Amino acid sequence: MLLEKAKALWAKSDREKNDGSWHPLIAHLLDVAASAEAILEREPPKTLELYARDLNLEPQQAKAWICALAGLHDIGKASPAFQQKWLEGKERVRAAGLTWNVDPTLPPNDVSHSVISEEVLPGLLEGRGWVSRAAKNVAAAVGAHHGFRATQNDLKDVTSREKGKGVWDEVRQELFEAVLEVLEVGNAPKVSIYKGAAFERLAGLTSFADWIGSSLDFHPLGDDLTEYYQEAKKRAAQKLDSVGWFKRETLMPEPQTLEAVFAYLGKPDQPFRARPLQAVLERLLEGIDTPALFLVEAPMGEGKTEAALYAHLRLQAANGHRGMYIALPTQATGNLMFERAKAFLGRYGKSRRLDLQLLHGASELVEAYQKIRVRPNTPEGGEEGVKAQVWFSHRKRGLLSEYAVGTVDQALLSILPTKHQFVRLWGLGNRVVVLDEVHAYDTYTSGLIETLVRWLWALGSSVVLMSATLPKAKREALLKAFGAGEIPKAEDKPYPRITRVVKGDAKPAVETFEARKQPTLVLRALPLDLEALAGKALEQARSGGCVACIVNAVQRAQDLYQALVGKADGVEVHLFHARYPLEERLEREKAVLAKFGKQGQRPQKAILVATQVVEQSLDLDFDVMFTDLAPVDLVLQRAGRLHRHERDPKERHAHTKPVLWVAGLEEEGVPDFGSAERIYERYVLLRSWLALRSRTHIDLPGDIDPLVQKVYSEPPLQGLSEEWKTALEQAQTRMEQRNARDQDEAAYAPFGEPCETDWLDPPTFPKLPPKLPDDDPNPDDDPSLLKTRKGRPSVTVVLLHKVGGRLCLDAGGQQPVSLAAKLELAEAKCVFARSVKLSRHELINDDFAALEAHRKSQGLAAKVWSETPLLAHAHLVVLEGGRAVLGELELELHPELGVVYRSAL
């Protein structure tokens, strides 16, 4: 039973109804505690074991304390600073005897109740036997439920005027004891500090439980708090059902072989058979009973994806992991992986409900994802099968879903000081996290990935890293991040290989395997000149077959396409790059797969001109390939699309042998690589040129690792001219300076490391700009703000047409759109489909001054954009006759070339 003073305190009011309805503070505390317990009861037992280990208690005792702490997150609402916020509630509280300074010129400062919670909770916990440092740590964890930990300055703002004293101390003590009594907590845990993974686990669960508890309808409190709590648990369970948070179950409780799991991929006359890579992984999974990391280094087409999916099944069964997140470098690769993950999970969704999300900035436009989305409280939402519950598609909630595919940026946000990063990190904890294409990232992002792996190790997760190629130093850094020691040279194995690190055992296990023999590539050199490239590409296409021309820059791709189209003579020419409006890019991607994919209807004579968008994960197959010189690992990655699949030799026409033409390799002296040096390190390009220049053939997969190590890990060749030595030394110095800077930034960017010993002092948040878009729905569309990647800054631009004085989505004026008010989601999606990410410096300079000036010249209010989440960080460009002048730049949206830049001077 509570005294009237405590009962009078309010936590929430329904001001919209204006009927005086309100929710008592004790009821809200119990709602959130009940929600935390309902969540934990649907988690695998391993999750509760982790909390028990954090507190050094038995699981049930730990659960009682954890849920009580989550409920006490809002104990700071029992304060004058909060209770003054609602007039009716304020008067009732004062009438019950809880008073504060009545001088209207000296009201309590508007200090957040979450900061007051962090200030007052340690004393209450210490009174129950908690060690002071640990009490302050857990208070900081639950007090962070609005997104960030309080800073030292925030805590200094809490005085007796804000938190109250005397009778306020008494009423907080009463609420505290009531929550502990209802939860039946036992003795205080004897932990001296509550840091790192334990802190993040508690903070993440608290916010999740607060979101669920705060969404429950107001319910009569009654006199029996225990009875109220039991009813609150039932209502929380119903809410979890409605949003799609179902009980986490092991998909494969009884072991099955990899061949049995993927039998559905076979054909009646050709059953599925495990490839050597998959067989080795299956062997390395035997006997695993703790979280582990697997680093798979293998060429394209060896079955890495199926191996990762199977590893998830075995690791989940062995460790009680809750689900899986698959992180990829781009939206396009994420879209393709989503389809494969959906098909895989569909085998297990016939008898259970599974949630699968697609997490990236353009997921609203991906048809396969939209088809399985369901809303809360709809009949299909509770049906068995693979669904995408809408609740989890809301920004910060995506990683709470049981299964998800998305960009690596979504995972990296969990370690950056963004709002509610600990919710994202909680979602990745006790999970299998797959990071594909780990070779594809620069020094800065690679450093962040290493920090992420350290956190996954601390949070009890297993990790599968996949790469076609890896320099020695990057391989060692990734293994070390999961606790691996150095691999003795005698015990290491050659490429291709799988390296396993088991948590608690610093000695890695390495196994090699035989990759499928691929046709030897014939390597031929070309000058960088576009005319030479276009002439040779047409010559090869005229003899029949599918030709790929992969160049390093969009403008070069546009110029090459124009050079080819004018002389095509019966040869189809297609263009694909990233500088198209989003919906057009997706359509072009589909068209490319339809023509050049594994099951594509291959043209008799065709050339695809493309940029790096076809470099990763797109399953394309060409008869002959031209590529600009790039870092050797990327050249090899591109070459993986050459004679990728077995075909009738007649389909290859005259191209019975795979020939790789490299533009820029036929240069004399020390070459100048032009625009490629704005994208790649000149030093790496020079080393790649030296590694390939004297070659006439590349043996796959045998030459992959030696070439990569020769460029990235071995000293330069002996006997080079002084000109070459000077060029290499200068380029290496510049590269090392940039790498050192990027490594420093990658070390500084995360909010902290799991191994840090002192989590007591509040951090200086935010480390990123104060105007950080913490609810940005498109984080991988604005890495310059969110710091998940380095590289040239970019801006998301929405291209609309002005036709007959009206704004339209199309150049023909058939799809008018109004921007006079906030857009509904369906309208916003149509507008967002016209967006494109651009990095031209004239658009970026001076805080997007040219774009802002353009918007104002069109009489468009910025508020419309800021109030529409999907468009909040995009800029509008209005095209007239397909063109717009933005300061010194003219921008044209060409129907075939995409966005074209010209000087407006």
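The values are calculated or read from the model by the stated rules, or taken from the named source; none is laboratory data. What you see is a predicted model, and the numbers here were worked out from it, not measured in a lab. In this analysis, Cβ positions are derived from the backbone assuming ideal geometry, glycine residues included, and neighbour counts consider all displayed protein chains. With ligands, DNA and RNA removed, areas are computed over all heavy atoms of the protein, side chains included. Shrake-Rupley method; radii C 1.70, N 1.55, O 1.52, S 1.80 Å.
In Å³ and rounded to a whole number, note down the convex hull volume per residue for the Cα atoms of segment 604-675. Kindly include the intermediate steps, with their values, before the conclusion.
Details: hull volume 8.0 nm³, N = 72.
Hull volume normalised by residue count: 111 Å³.
List the relative contact order of segment 832-905 as a percent without decimals, with contacts defined as Cα pairs under 8 Å and 6+ residues apart. Don't skip to the end; give the middle numbers.
Numbers: 70 pairs, mean separation 16.1, N = 74.
So the answer I get is 22 percent.
Any chance you could list P(r) for segment 454-593, counting all Cα-Cα pairs in 5 angstrom bins from zero, rounded to whole %?
2, 7, 13, 13, 10, 9, 9, 12, 11, 9, 5, 2, 0
Considering the Cα positions of segment 146-264, please state its Rg to one decimal place and its Dmax as a whole number of Å.
21.1, 70
Over the chain, with every protein chain in place, what whole percent of the accessible area is carbon and sulfur at 1.4 Å, could you tell me?
On the way: 17460 of 35830 Å².
Answer for the chain is 49 percent, counting heavy atoms of protein chains only.
Tell me, what is the percent relative contact order of the chain, built from C-alpha pairs under 8 Å that lie six or more residues apart? Kindly include the intermediate steps, with their values, before the conclusion.
Numbers: 1690 pairs, mean separation 100.1, N = 905.
Once normalised by length, the contact order is 11 percent.
Work out how far the C-alpha atoms of the chain reach from end to end along every principal axis, then list the three figures in whole Å, largest first.
Each principal axis gives a Cα extent; for the chain these are 92, 70, 60 Å.
Could you work out the relative contact order of segment 405-523? I mean the mean sequence separation of Cα pairs under 8 Å and 6+ apart, divided by the number of residues, in percent.
18 percent
For the chain, with every protein chain kept in place, what is the accessible area per residue (1.4 Å probe, Å²)? Kindly include the intermediate steps, with their values, before the conclusion.
Working: 35830 Å² over 905 residues.
Per residue, the chain has 40 Å² of solvent-accessible surface.
For segment 370-451, build the convex hull from the C-alpha positions and give me its volume per residue in Å³. Don't skip to the answer; put the middle values down first.
Numbers: hull volume 9.7 nm³, N = 82.
Per-residue hull volume (Cα only) is 118 Å³.
Placing one identical point scatterer on every Cα of segment 1-130 and ignoring solvent, what is log10 I(q)/I(0) from the Debye formula at q = 0.13, 0.18, 0.22 Å⁻¹?
The calculated log intensity ratios at q = 0.13, 0.18, 0.22 Å⁻¹ are -0.65, -1.04, -1.32.
Run lengths n ≥ 4 of DSSP H only: what is the helix-derived mean residue ellipticity at 222 nm for the chain, with -39500 (n - 2.57) per run over all residues, to the nearest 500? Intermediate values should be presented prior to the final figure.
Values: 33 runs with 370 residues, N = 905.
Dividing the helical sum by the residues of the chain leaves -12500 deg cm²/dmol.
With a cut-off of at most 13 other beta carbons within 10 Å, and DSSP calling the residue loop, which GluC sites (Glu not before Pro) in segment 812-848 qualify? Please list them.
Numbers: sites: Glu824, Glu827, Glu842; in loops: Glu824.
Answer in residue order: Glu824.
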